[in-house]
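The structure under discussion appears below in the form of structure tokens.
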Amino acid sequence: MRTFRIPFKAMASACELVLAVESEQQAQDMAKLAIEEVQRIENKYSRYQPQSIVSHINAAAGLQAVQCDEETQSLLDYANTLYQASDGLFDITSGVLRRVWDFKNQCLPTQESLDAVIQLIGWHRVEREGHSVRLPECGMELDFGGFGKEYAADRAGALLAAQGLSHGYVNLAGDMRVLGPKPDGQPWVIGIQDPRVKGKILATLPVERGGLATSGDYERFFEMDGRRYCHVMDPRSGQPVTHWRSVSVLAPLAVVAGNCTTITMLKQADGLEFLEVCGVTYLAVDHNGVVHGKNPSHASEQSTSAPLPH
């Protein structure tokens, strides 16, 4: 059995499949189906794709309802679950905040412009009846970016598992679904990025299976007058969160790991309690650089002894 690494690009990100199989042809055949599934999800749910169901829903805001299939309905149900679990902080209508936050030119929005877009946020206002969904106000939007990549990683992983893969993983720009350990039974060793030193590994996690995801204030940000403004926004204030530098979570599914990291970032000082309640393995760095986790004292030594989900 050999290990093959197959890079590809999707969702504007560098991605990779790592497959331990008998032959290169087998790896290529498996990879083709997995990559096609990732591309299918991107085409169907990306707000950047004009023909996606999300684009159709957004274009009809303030007008008519849009009919959705079962898969889309299930994702909307999941979005509702996340909204409830996060006390309204995880809100897939909050993507409109990007209209006033200019990370490219590093400009702060005016309070007037913030107030205007905040009026367009509110998952509780979205109208759902049967298989239809309607945004009641022109300018409102849905954005599946908060769980789209993780969902795609899980779906690609499910297809690979259905083809018999038991050693390997899917990596969509850091959102990972691990299907099983290395062929010799050893775990894959996954590095966790230091949120303040580019290219430096803060810690490593041994992963045999499950989903791994990281959220942080270093992915898209700018600094002004000694303050860092990141892309993770509180939908109530329209302001970036400030408590956590990064949060990494290992859970049974990539989508669960990813949503735990995002909700923790959004809950700020209450995020640690949320992680403990979720019962997941985690490693989090707060705004003072203090590392929290199942065994945080060893994080700087690039190791954790937290149990892995099986």
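Could you go through the range 183-191 and let me know if any residue there is surrounded by fewer than 16 Cβ atoms within 10 Å (Cβ to Cβ) and either under 24 Å from Arg228 (Cβ atoms) or touching a Phe, Trp or Tyr at 6+ places or on another chain (Cβ under 8 Å) (or both). Yes: the range 183-191 contains one or more residues that are surrounded by fewer than 16 Cβ atoms within 10 Å (Cβ to Cβ) and either under 24 Å from Arg228 (Cβ atoms) or touching a Phe, Trp or Tyr at 6+ places or on another chain (Cβ under 8 Å) (or both). Residues that are without any contact (Cβ under 8 Å) to a residue 40 or more places away in the chain and of a type outside the set (Asp, Glu) within the range 174-187 comprise Val178, Leu179, Gly180, Pro181, Gly185, Gln186, listed in sequence order. Does Leu212 satisfy being modelled with pLDDT of 95 or more and either surrounded by fewer than 23 Cβ atoms within 10 Å (Cβ to Cβ) or under 23 Å from Gln106 (Cβ atoms) (or both)? No.
When the residues of the range 82-126 are filtered to those that are of a type in the set (Gly, Ala, Ser) and over 28 Å from Cys278 (Cβ atoms), the one that is surrounded by the fewest Cβ atoms within 10 Å (Cβ to Cβ) is Ser113.
Filtering the range 12-46 down to residues that are at pLDDT 95 or above and in a loop (DSSP other than H, G, I, E, B), which residue is surrounded by the fewest Cβ atoms within 10 Å (Cβ to Cβ)? Checked the range 12-46; the qualifying residue surrounded by the fewest Cβ atoms within 10 Å (Cβ to Cβ) is Glu22. Does Ile92 meet the test of being within 26 Å of Ala173 (Cβ to Cβ), in a loop (DSSP other than H, G, I, E, B), among the aliphatic types (A, V, I, L, M) and not assigned by TED's automatic domain parsing to the domain that holds Ser215? Here the answer is yes, as Ile92 does meet what is asked.
The values are calculated or read from the model by the stated rules, or taken from the named source; none is laboratory data. Not measured: the values here are computed from a predicted model. Backbone-built Cβ (ideal geometry, glycine too); neighbour counts: all protein chains shown.
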